[in-house]
Every structure is written in structure tokens, then in C-alpha cells.
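Here the structure is laid out as C-alpha cells; the discussion comes afterwards.
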Amino acid sequence: MKRVALLCLALAACAPRAAPPRADDTVSAHEVVDLDLTPRTGDVWAFDVDVTGEVTTGGARLVACALHVSGEGRDTEVPVSLASATRFHARVPLAERENLVDVACRDGAGVVHRSGRARFVGRREDMPAARITAARDASGALVLEADTSTARAPIRSLSWSGVASGEGPRAVARDPGLVRLHVEDARGRSSETAARIDATDGVLALVDGAAPRRTGEVGVVYGIYPPLYGSPGLRAVTEKLPALADLGVDVLWITPPYGSPRGDFGYAVTNHFHVRQELGTDEDLAMLVDRAHRLGLRVVLDFVPNHTSDQHPWFVEAQKLGPHTHAHGFFARDEARQPTHYFDWKNLPNLAYDHPEVRTFVTAASSHWLRRTGADGFRVDAVWGLQKRAPDFVPEWVRSVRAENPDALLFAEASARDPFWLESGFDAAYDWTDDLGRWAWEEVWKEPSGIPDRLDAALLASRTRTGELAQKRVLRFLDNNDTGKRFVTKHGPGTTRAALAALFTTPGTPMLFAGSETGAEYEPYGQRPVLGDADPHALRALVKELVALRRARPALRGATLERVIARDAVTGKPAEDVYAFRRKDAASGDEVLVAIRFGERKSPVRIDRGSHTGPFRELRSGRALRAEGRDVRVELGAWDAAIVTGSGSRPPTPWRR
């Protein structure tokens, strides 16, 4: 066959009608290598790739082309379309992993023009997929259906488990709870998806994973940067888990553990699918999650979908080869076709969410870690960037996460004042103002005098901009990875003690960051010593006590806050250094009064007891308190806090993990 094709090449008259040359024929004297392919290399997150090309020899007019693709056991010819006398196009189906592509074209003079060998790596797994939908039958029962899809092999079997029973693509749900669907194709490849069934007034309904999550407690979040705990970081954190469980926290947020340049904090990601070597291994991360679960802790991983590092292989290749690499289209570009970035993050080029393969890649990366480690969700870095460039993708991605784990926790690094995040299915968002990245409490601490009024103003601004749900789900913090010098360094141990009391007694979800409970002093992006057990300001006992009180009192976990006036017990004048407020929980009837002193004075105050009735008790000390008319008298030391209840009995609904 090869010799027949070459014979025809020698006869110019038969060239226009002859079959195209085979792309894998050897080069002869009648051939030149002058076909330019675009792209000619790259990772591909689809089942095929569009390849275009043109002949670079002046005057050549192509009449027929053939494309040959090999690799991973394949050896296939692919049709090629001529777009003009000098240009051609082909859609090349790809196998997983390596695909080698060669193109050959014949011109009207009988000369064969060839390309160099192109190489594409198929990254998208050819797995069966399923989505659970729901409808009601004539009897009103909730009928679940499997909407399945697959690339190259038909679905062989489907099986339901959990609160649904059925066979094949249909099942019936009879109770609220979790339902799982297992799908397998004819090659034996399988996948699983899940959904939650809820009941409202006795009516069952399938929960949309991206719908606002109105039930369920988040608890206390604790941020961890693994290198602060020793080396290798993930194993060092695993050893620390019993102490964190003893502290009473509920959710561990692990800063990005993925591949990144050595010494980087983790947000300059070079590999979204493997742990970076200096932290340990993928297995170390899975062991950390497993050990945390055994201690009753949930783990969320810091996920980075907005950008990659400029040292990511895709970006390096894109800068070197331009459109000749498939990855060139993975990065957002301005009108001059230059990569874009936010702020001064020149080393963090934005991903292009108008490219469908970027969406596939990001979804695959998050699914990978949920499956690989059993992690309980994600804190999503710079997700406000996705809102700017691809707001439609955000709830789509949330649904993909909840299809893996319907109970997954999702925290948005974005302002809780924007309803977009809870409406898109996130569990919580940051205590920011409307200005991107600006901490709502930042100005509260600028000087000791006036803290109560400034804190109340900040809380009021939050309440007037968000609903009750958002008030419970706003992530409150004193320190995180972006706040520079630690709070205790900037404001001293006294203010820190009082601020911690505010963190755990005002509405919201408290978030601590590595070493907050011991007053560790460092800068996350600067000098980072290994954390020890030293606790020079005796903060750990305070934090543990506040966590326990928040867990025990529903009023401290609710959304309401009413400021009350605290007066000096001796002079009767307003105590300007004291912030006092009332917290109520309607469901349980629990009610507490909180008084926090932001100053060095040590003197008792009187607080309007409102609807409280005696006997009064201060919960931290257990001391009985005395009513004075409409007031209750509370002893307050310097930088001190008191939490007062009007009943000696415990509230009926303490929260459990």
C-alpha cells in the first residue's frame, strides 16, 4: 500500500484524485517537513483536541491530507478537512495518557508535506458519570432517576443505596437522608454520586447541592499551615491532632498542601493533584484526615481554583510556545493577549474560565482530593476571582463537590456581606467589608479607647447587610494567613484576651489560626518558626473555656445581638470601656448577657437584666450574682469578660460535633 501511494505521487496527473498519503509513511525524496501544527503539544482535559495546520512552503497548494494518531495501544487514521489550499483542520480523538500525532498532505505537484510529531496527553478520565434527579409520581412518592453519561462504553449496571430502593435507572425515596448511586460501564469502570433527601412538613425533596444550606452547625474552625508544626509538616500536624481536639475545635482548615515552588506558602500551585514534597506524601495527607475523623474533627483543604503559579508547567510551556501548546488557552489574557493577574500577583496568572477544559480540570482536581483523602470540603482561595470571571461556574462547581459528599463544608474567601456565596451553596464566607480583602474588624483595634463603640458599629454594619443565616455563617477571625503580624503582637495580650471573648460570644463562626491559642508570634509570609507549647499569656485555657461555653449555650451560636448599657457600679455612669450585649436563642429559650472590658480598670458594673430572672450566675467562674433592681451586678477585671445567665439550669440543646 505504501509503495502504491508513492508511485502515484510520481504521477502529477493522478495526484488530485489519489488517496491522501499515510501520515506515518517514511519521508522520501518527494517529501518535505513543512506543515506547522497548532497546537502540537500539551495536556488536554477533553476526549478530543482540535488541530489546525498550514503549509509553510510558498506556492504549495494542498489537495489531500491524512492524520495518524498512535499511543496507548492505538494506531488510527483520522479524517482531515481542508479549510483552504494551504490550511487544514482535524478533530483528533484522544486516549487517556499519551497520544502521538503525525499529519501528511499532498499538493497538486505530487509533493508530500509532513508535520513534525505532535504529542498530547489525555488527562480527562474516561469514566461513567451519573446525576440524580427527582420527580413525583401519581401517588406523590419521590421518584429518583439516574441521568447517566459515558464517553466510550455503555452503562452496564446501576445500583442504589441509602434511603432509596430500586433497580436500574429508577428508585423511590421513602425517608429523609443520604442516597447513593453506583454506576459501572461495560469495561468495569465505576463511579459513585450522592445526594441528600430532606423532609419539610412531611414532604420529601431532593436537595440541590448549590442551594442555601440553612441547617447544620459549622462549629469552630482552626487554620493550619503545616510547616509551622515541624517536618514533614503533615505528619507533624497529625501528631498535634489530639491537642486540637482537646481544645474543642471542630473543623481543621489545611492551607494548600499541593505542589508549589519550594518555600512557597502554597498558593502558587504547580501541581493540583499531588502533595508538595516538603510537606510529605499524598498518603500522609490521607492519614491526617483519617486520624482527624477518629477524633471527631472535620478537615477542609485550601483549594486554589483562581490561578496557577507562573512556574506551573502549563504556564511555562505557554510562555515558551504560545498557541503551539494546548495550554496557551488555559490562561486568561487581556486585549494584548498577555496573561492577567490580580493586584501585584504577577506570579499567579489567572485561569481562563471561558475555556471548558479549565472547568473540567478544576472539577477533577477537587473530586480527586475528596476521593483520595476523604476530606470534608474546601476553603476556596480567591474565589471572588471566579465570581468576577465565571459566576455561573461557582454553583456548578458546588454541585460537583456535593455530588461527591452532600455534607461537604465550603468556605468562601469572599465577603459574607455578598449574598452570592450562601445562595451558591457555600457554608460560610469571610468577615470582610464590601472592599475586597478588608477585614471588617480592622479599625476596631486601632487604639484602646472607643473599642466598644467601634466593635458595635462593625457588628451593626454586618447585621444590616446580611440576613440571619449569614450572621451565623460569617467567618470571624483575629488572625489568618493574610493578617501579617499576629494580633497579640500588634495589640498586646490584654486586648487579645478581650478580643477572643468577643470572637466567641458575638454572632458568627469563630476561626482561629495556627498558634492563636498560645499567643504564637510570627508572620505567615515572613519568618515562620516551628510552634512549640509555650503559652506566655495563658491564652489556651481561655480559648478552651470560650469554645466550651459556645458549644454549651445555644444563645452564643445564634444570630441575634442586642447591645445593652453597662454602668459603673459605683458612679452609675456608663462604663465606656465595657461592651455589653444580650444574646437569645428562640428555639431553646436560652438567653445570656455578655460584658467585655477593653481596658485596664478593675471595677464592677451593673447591666440591665432585661427579661432575665434569678438566680443569676456567671458562667465562667460559676459565681452567683446579685440583682440590684432592674440590673445585675457583675465583677469585671482588666481585659476581662463575663457571661451571665438568669437560670441555674443548663440549656436544653447543647451542640455536639
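The table below gives the values:
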{"item": "Fully extended contour minus Cα-Cα distance, from Q319 to E576, at 0.36 nm per residue", "result": "86.6 nm"}
{"item": "Count of lysine pairs in the chain with Cα separation under 28 Å (8 or more residues apart, or interchain)", "result": "25"}
{"item": "Residue-count net charge about V33 - beta-carbon cut-off 11 Å; Lys, Arg +1, Asp, Glu -1", "result": "-2"}
{"item": "Spatial separation of Cα centroids for segment 418-460 and segment 101-159, in angstrom", "result": "46 Å"}
{"item": "MRE, 222 nm, helices only [DSSP H, n ≥ 4, -39500 (n - 2.57), over the chain, to nearest 500]", "result": "-6500 deg cm²/dmol"}
{"item": "Accessible area in square angstrom per residue, the chain, 1.4 angstrom probe", "result": "42 Å²"}
{"item": "Overall form of segment 179-278 per C-alpha gyration tensor (a/c, 1.5; a/b vs b/c)", "result": "oblate"}
{"item": "Environment charge at P574 (Cβ cut-off 14 Å; Lys +1, Arg +1, Asp -1, Glu -1)", "result": "-1"}
{"item": "Approximate spin-label separation R180-D434, in nm, with each point projected 7 Å along Cα-to-Cβ", "result": "4.7 nm"}
{"item": "Around R528: net Lys/Arg minus Asp/Glu count, Cβ-Cβ under 15 Å", "result": "-3"}
{"item": "Whole-percent carbon and sulfur share, accessible surface of segment 95-204, 1.4 Å", "result": "46 percent"}
{"item": "FRET E, pair R170, D608, Förster distance 41 Å, beta-carbon r, rounded to 0.05", "result": "0.10"}
{"item": "Size of electric dipole in the chain: Cβ of Lys, Arg +1 and of Asp, Glu -1, about Cα centre, debye, nearest 20", "result": "1180 debye"}
{"item": "Contour minus Cα-Cα distance for L295 and T215 (0.36 nm per residue)", "result": "26.5 nm"}
{"item": "Span from the segment 295-328 Cα centroid across to the segment 41-71 one, whole angstrom", "result": "27 Å"}
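The values are calculated or read from the model by the stated rules, or taken from the named source; none is laboratory data. Note that the structure is a prediction, hence the values are computed from the model and not measured. We place every Cβ from the backbone using ideal geometry, glycine too, and count neighbours over all the protein chains shown. When the accessible area is computed, the model is the full protein with side chains, heavy atoms only, and any ligands, DNA or RNA have been set aside. Shrake-Rupley method; radii C 1.70, N 1.55, O 1.52, S 1.80 Å.
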